[in-house]
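Inspection log for the structure reproduced underneath, given as structure tokens.
The values are calculated or read from the model by the stated rules, or taken from the named source; none is laboratory data. Source: prediction; values computed, not measured. Note that we place each Cβ from the backbone using ideal geometry, even for glycine, and neighbour counts take in every protein chain shown.
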Amino acid sequence: MATQEKILNQLQILTNISQEGSYSDTFISALRNIFLTEIDNIEQQIKDIKIDLKAFEQQYKMSSEQFYEQFEKGILGDDIDFVEWKAYYQMWHSLHERLNLLQSQL
């Protein structure tokens, strides 16, 4: 498993290569494939989390958006289900942000 430092170093090298303009079609294709693979992974994670969110929505008869708004306002208690639901919702939202960012660069 690569460390964060190693990944950052590798990304810096790729940035330097790109800025020099000395990249090949293979380089471009590989970067695109990285984005597409990451998009696929994120889409699968979103589907998996959506299953958990739907279970909470059915159990508590409200959308995750409604739940999150009420939870953040302190209207709901701090039941373990609500803490878990909040975590899933935040992950789902964060994944959507990452997905949009990656898709915007294709």
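Worth pointing out:
- Condition broken by S104, with the remaining ones in (1) touching a residue at least 24 places away in the same chain (Cβ under 8 Å); (2) surrounded by fewer than 11 Cβ atoms within 10 Å (Cβ to Cβ); (3) among the hydroxyl-bearing types (S, T, Y) satisfied: (1)
- Residue within the stretch 19-39 that is under 18 Å from the mean Cα position of the chain (by Cα) and farther than 21 Å from I7 by Cβ present: no
- Residues that are in a helix (DSSP H, G or I), within 21 Å of the chain's Cα centre (by Cα), farther than 23 Å from R98 by Cα and not small (G, A, S) do occur in the stretch 45-56.
- With respect to the conditions (1) on the phi < 0 side of the Ramachandran plot; (2) without any contact (Cβ under 8 Å) to a residue 24 or more places away in the chain, S64 falls short on a single one, namely (2).
- Pair list, Cβ under 7 Å, 6 or more apart: the stretch 33-55 residue within 17 Å of Y88 (Cβ to Cβ), other residue modelled with pLDDT of 95 or more and basic (K, R): I42/R98
- Residues that are surrounded by 10 or more Cβ atoms within 10 Å (Cβ to Cβ) and β-branched (V, I, T) do not occur anywhere in the stretch 62-82.
- Residues located in the stretch 15-34, provided they are over 12 Å from L106 (Cα atoms) and of a type in the set (S, T, Y): T15, S18, S22, Y23, S24, T26
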